[in-house]
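Before any comments, here is the structure.
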Amino acid sequence: DLKKLFKIVSQKTTELLGVERCAIMLMDETKGASIFYKVYSRGKYRPEYEGIQRSKKDFPVLVRYLLKKPRLFCAPDVSRSNLSPKEKKVFEKEGIKSLLVIPFSFAGKNLGLLALSTLHRLHKFTEYEISTGQAITNQLSLTVENARLMQDLQEKSIKIQQQTDSLERQFKEQAILLEISNALSQTLDLK
């Protein structure tokens, strides 16, 4: 269950790194958006963010960093970063002062983002915080891919079970028809 996992990861990451907020987003390539799964901020979960979609078009600079050639984005001061004015406005509205966003992928496919931020103070992310965040995203990559494979297997298993049930019904119908045919052929007097 990715929601349960992300709940634990977001809380433990904020505690471990001493940041005020951790957001985990998954990519939805069909919609061209990232979708918030869990946001842990200021000691509590923020369910009001869950399911919110952020379009790639709304974040041109971040998309360039995170999706086209995946690499992390680090801004000790979001207001003075090289983000577009539109992006800065979004983060300012959210109260984000410093931001570290680390993409995670598997086999060249972008799976999601881990965003760490501070809300009350500017913060220069250390090498330790960055490498720990990258280690967490490496594990998230494997976990998300495994969950997707498991979901795919479950869906295929359901389809196989439905096909098996259908074949069993057809077999039973054929068996009943054969019994009827045998019974009729034994009892009819052709004269």
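From the list S81, S41, pick out the single residue that is in contact (Cβ under 8 Å) with a residue 40 or more places away in the chain and out of contact with any Gly (no Cβ under 6 Å at 6 or more places or on another chain).
Being in contact (Cβ under 8 Å) with a residue 40 or more places away in the chain and out of contact with any Gly (no Cβ under 6 Å at 6 or more places or on another chain) holds for just one of S81, S41, which is S41.
Would you say S181 is surrounded by 10 or more Cβ atoms within 10 Å (Cβ to Cβ) and either in contact (Cβ under 8 Å) with a residue 12 or more places away in the chain or in a strand (DSSP E or B) (or both)?
Here the answer is no, as S181 does not meet what is asked.
Kindly provide the set of residues from the range 20-42 that are open to solvent by 60 Å² or more (accessible area, probe 1.4 Å) and not β-branched (V, I, T), ordered by number.
Result: E29, K31, Y37, R42.
Inside the range 99-108, can you point out the residues that are farther than 14 Å from T14 by Cα and either surrounded by 12 or more Cβ atoms within 10 Å (Cβ to Cβ) or modelled with pLDDT of 90 or more (or both)?
Within the range 99-108, I102, P103, F104, S105, F106 meet the criteria.
In the range 141-167, which residue that is among the charged types (D, E, K, R) and open to solvent by 100 Å² or more (accessible area, probe 1.4 Å) is farthest from N110 (Cα to Cα)?
Applying the filter and picking the extreme gives K159.
Tally time: how many residues in the range 54-90 are more than 20 Å from G133 (Cα to Cα), open to solvent by less than 100 Å² (accessible area, probe 1.4 Å), in a helix (DSSP H, G or I) and of a type outside the set (K, R)?
The qualifying residues number 6.
Take the conditions open to solvent by less than 20 Å² (accessible area, probe 1.4 Å), at pLDDT 85 or above and in contact with a helix residue (DSSP H, G or I) (Cβ under 6 Å, 6 or more places away or on another chain) and apply them to L17. Does it pass?
Answer is yes for this residue.
Which residue is surrounded by the fewest Cβ atoms within 10 Å (Cβ to Cβ), if the candidates are limited to the range 109-140 and must be of a type outside the set (K, R) and at pLDDT below 90?
Ranking the candidates gives H120 first.
The values are calculated or read from the model by the stated rules, or taken from the named source; none is laboratory data. Quick caveat: nothing in here was measured; it's all calculated off a predicted structure. Neighbour counts are summed over all protein chains in view; Cβ atoms, including those assigned to glycine, are modelled from backbone coordinates with ideal geometry. For accessibility, only protein heavy atoms count, side chains too; no ligands or nucleic acids. Shrake-Rupley method; radii C 1.70, N 1.55, O 1.52, S 1.80 Å.
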